[in-house]
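Enquirer: Okay, handing you the structure first.
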């Protein structure tokens, strides 16, 4: 008889935890975002009943994000930074994953370990490493002036978009290479042999066989790094600290850690989460599909 | 004149052709890919090694190398990791959060994975769905929501260590579930069925057969949870109340924004070595516990490289 409730009761503590500390907190964000603000203390007054929600702050945030609003530039900049970083990650990451999966031979284990290694090095440590290198008298400037690429040291850490994009690529690329590797490694080599036997050139074989078969890995990995990049605020803060390079995440951070208006921060968080839900939905769907085919570990 | 010039350029041209031929040789190794891959690996690891090197610098500079010293670890009476209370407390806080996270998230995650893998009734779909969400939610969204829930709804929990532990467990559970479920898939159901045929009740089959088989995944997920908790910055920062509740990543973050000393490199290096040690131990334990089982090496690596 207890067969029926054994398994659900095992899941109960975990599910209960996630409802209490993942689902309910998100509702708290909605409550604050659609709430009001105490006129004297400027404290947020959440409204828990959706029927009474006050859309004033949400309108304010959407207004600021719309063309002409004060956050329009920030929104566009966020999208441009993420798009450029993603493109660079793919351009660098695909050949690496391809080589590791297809041609590494005896070195495959070693290369795989070296590719996974950055995942276990703290993100802050890796950013710190670049902050050291990019100082005015750091190795990068010394190398570039020594080779006469630059006539004088450049201020890399004073609000330069290229530095922020470089840092984003450096920070997130390991999370892209791994799913790419997994999907390329799964491709059956006999497909390629068949393509070559039927007269395809190496390039044609790559374009018509390998690339389509690695599509799940490309899209899955791209979504996996795009989501956190959209919510990033620490990377621009570390390598630039300038409002010229601030992203949407920086605005949220500012309204909670710098300013007195958590309500606006909460409303902006809701907008960001809504925008990212589409990306999330795609990722969940692709995991779900991959799980049905191979099991959970390979899918990630 | 022209003849001389031609004679001079001719060998250069052929070297270039030879170089191009070596590079594009379709029967040899794909040199372009080799080059890109090793360049990437150097690019991804060498900056970190340089940062570790400068943690041993004798002077206060993080950019100009002087000589080797352990000053920033314990030598300096004020600013070394050992003597600076903010750095020491950050280290303690990081290990405290990671340890508590492992102790809570691993059991919860293992039970959840078992339940979700075998439970097919009403509510299992929704539970599966909720479990996947923390994996894909940007940390800033989780940070904001946890901060607001602790300041507006569950006001009896204040920001600080307890809130940080609760937050860390919330994002760790799903990683445990994914690792354990991968293992459950590869074990299959035959061992449980054999136990049932021999008269074991589902509970006995679970504790005497399934859990021992899951040990490698439990050990691996403990290592992974420790590492992701120790590396976490966003959740720790949003739920920190400052002072002693700042973790190492928060210290590194605020130090790089001010004028950091090599002691920051030193504390980052300590974290780096401990995380890699834990992950390596977890990986070796996984290999040891699954020895003799069929399967590809890359499956193991995927389990830890999540």
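The values are calculated or read from the model by the stated rules, or taken from the named source; none is laboratory data. These numbers were taken from a predicted model, which means no experiment stands behind them. Cβ atoms come from the backbone with ideal geometry, glycine included; neighbour counts cover every protein chain shown.
Enquirer: Please list, ordered by first then second residue, the pairs with beta carbon atoms under 6 Å, 6 or more apart or interchain, first in the stretch A:172-199 and without any contact (Cβ under 8 Å) to a residue 40 or more places away in the chain, second outside any helix (DSSP H, G or I).
Expert: From the stretch A:172-199, the pairs are A:183/A:214.
Enquirer: Pick from the stretch B:250-263 the residues that are in contact (Cβ under 8 Å) with a residue 60 or more places away in the chain and in a helix (DSSP H, G or I): which of them is farthest from the other protein chains (Cβ to nearest Cβ)? Show your work before the answer.
Expert: Taking the stretch B:250-263 first, the residues in contact (Cβ under 8 Å) with a residue 60 or more places away in the chain are B:250-251, B:260-263.
In the following step, the residues that additionally are in a helix (DSSP H, G or I) were identified as B:250-251, B:262-263.
On the way: B:250: 8, B:251: 9, B:262: 9, B:263: 12 Å.
Residue satisfying both the conditions and the ranking: B:263.
Enquirer: Which residue is surrounded by the most Cβ atoms within 10 Å (Cβ to Cβ), if the candidates are limited to the stretch A:11-45 and must be modelled with pLDDT under 85 and in contact with a helix residue (DSSP H, G or I) (Cβ under 6 Å, 6 or more places away or on another chain)?
Expert: In this case the residue turns out to be A:44.
Enquirer: Mind listing whichever residues of the stretch B:126-151 are touching a residue at least 60 places away in the same chain (Cβ under 8 Å) and more than 8 Å from chain A (Cβ to nearest Cβ)?
Expert: Kept after step one, since they are touching a residue at least 60 places away in the same chain (Cβ under 8 Å), are these residues of the stretch B:126-151: B:139-140, B:142-144, B:146-147, B:150.
Those that are touching a residue at least 60 places away in the same chain (Cβ under 8 Å) and more than 8 Å from chain A (Cβ to nearest Cβ): B:143, B:150.
Enquirer: Is it the case that the stretch B:118-125 has a residue that's in contact with a helix residue (DSSP H, G or I) (Cβ under 7 Å, 6 or more places away or on another chain), at the interface with chain A (Cβ under 9 Å from one of its Cβ atoms), closer than 30 Å to residue A:269 by Cα and assigned to a helix (DSSP H, G or I)?
Expert: yes
Enquirer: I would also like to ask the following. Run down A:17, A:48 and say which single residue is within 12 Å of chain B (Cβ to nearest Cβ), within 28 Å of residue B:139 (Cα to Cα), assigned to a loop (DSSP other than H, G, I, E, B) and free of Cβ contacts under 8 Å to residues at least 60 places away in the same chain. Give the steps one after another, and end with the answer.
Expert: On the way: A:17 fails: assigned to a loop (DSSP other than H, G, I, E, B).
Criteria check complete, one pass: A:48.
Enquirer: While we're here: Determine which single condition residue A:100 fails, assuming it passes every other condition in (1) at the interface with another protein chain (Cβ under 8 Å from one of its Cβ atoms); (2) touching a residue at least 24 places away in the same chain (Cβ under 8 Å); (3) closer than 23 Å to residue B:51 by Cβ.
Expert: Of (1) at the interface with another protein chain (Cβ under 8 Å from one of its Cβ atoms); (2) touching a residue at least 24 places away in the same chain (Cβ under 8 Å); (3) closer than 23 Å to residue B:51 by Cβ, only one is false for residue A:100: (3).
Enquirer: Which is assigned to a helix (DSSP H, G or I) and within 29 Å of residue B:251 (Cβ to Cβ), of A:158, A:129?
Expert: So the residue among A:158, A:129 that is assigned to a helix (DSSP H, G or I) and within 29 Å of residue B:251 (Cβ to Cβ) is A:129.
Enquirer: Quick check: is even one residue across the stretch B:143-163 within 18 Å of the chain's Cα centre (by Cα) and buried (at least 24 other Cβ atoms within 10 Å of the Cβ)? Walk me through it before giving the result.
Expert: Start the filter on the stretch B:143-163 by keeping residues that are within 18 Å of the chain's Cα centre (by Cα), which leaves none.
No, the stretch B:143-163 contains no residue that is within 18 Å of the chain's Cα centre (by Cα) and buried (at least 24 other Cβ atoms within 10 Å of the Cβ).
Enquirer: Do any helices (runs of 4 or more DSSP H) lying entirely in the stretch A:168-267 carry at least 1 residues that are within 30 Å of residue B:141 (Cα to Cα) and within 21 Å of the chain's Cα centre (by Cα), and which ones are they?
Expert: Values: elements: A:189-197, A:202-205, A:215-230, A:234-239, A:248-253.
So the answer is A:215-230, A:234-239, A:248-253.
Enquirer: Residue check: is residue A:79 surrounded by fewer than 20 Cβ atoms within 10 Å (Cβ to Cβ), assigned to a helix (DSSP H, G or I), more than 14 Å from chain B (Cβ to nearest Cβ) and without any contact (Cβ under 8 Å) to a residue 60 or more places away in the chain? Walk me through how you get there before you give the answer.
Expert: Values: surrounded by fewer than 20 Cβ atoms within 10 Å (Cβ to Cβ): yes; assigned to a helix (DSSP H, G or I): yes; more than 14 Å from chain B (Cβ to nearest Cβ): yes; without any contact (Cβ under 8 Å) to a residue 60 or more places away in the chain: yes.
Against the criterion (surrounded by fewer than 20 Cβ atoms within 10 Å (Cβ to Cβ), assigned to a helix (DSSP H, G or I), more than 14 Å from chain B (Cβ to nearest Cβ) and without any contact (Cβ under 8 Å) to a residue 60 or more places away in the chain), residue A:79 qualifies.
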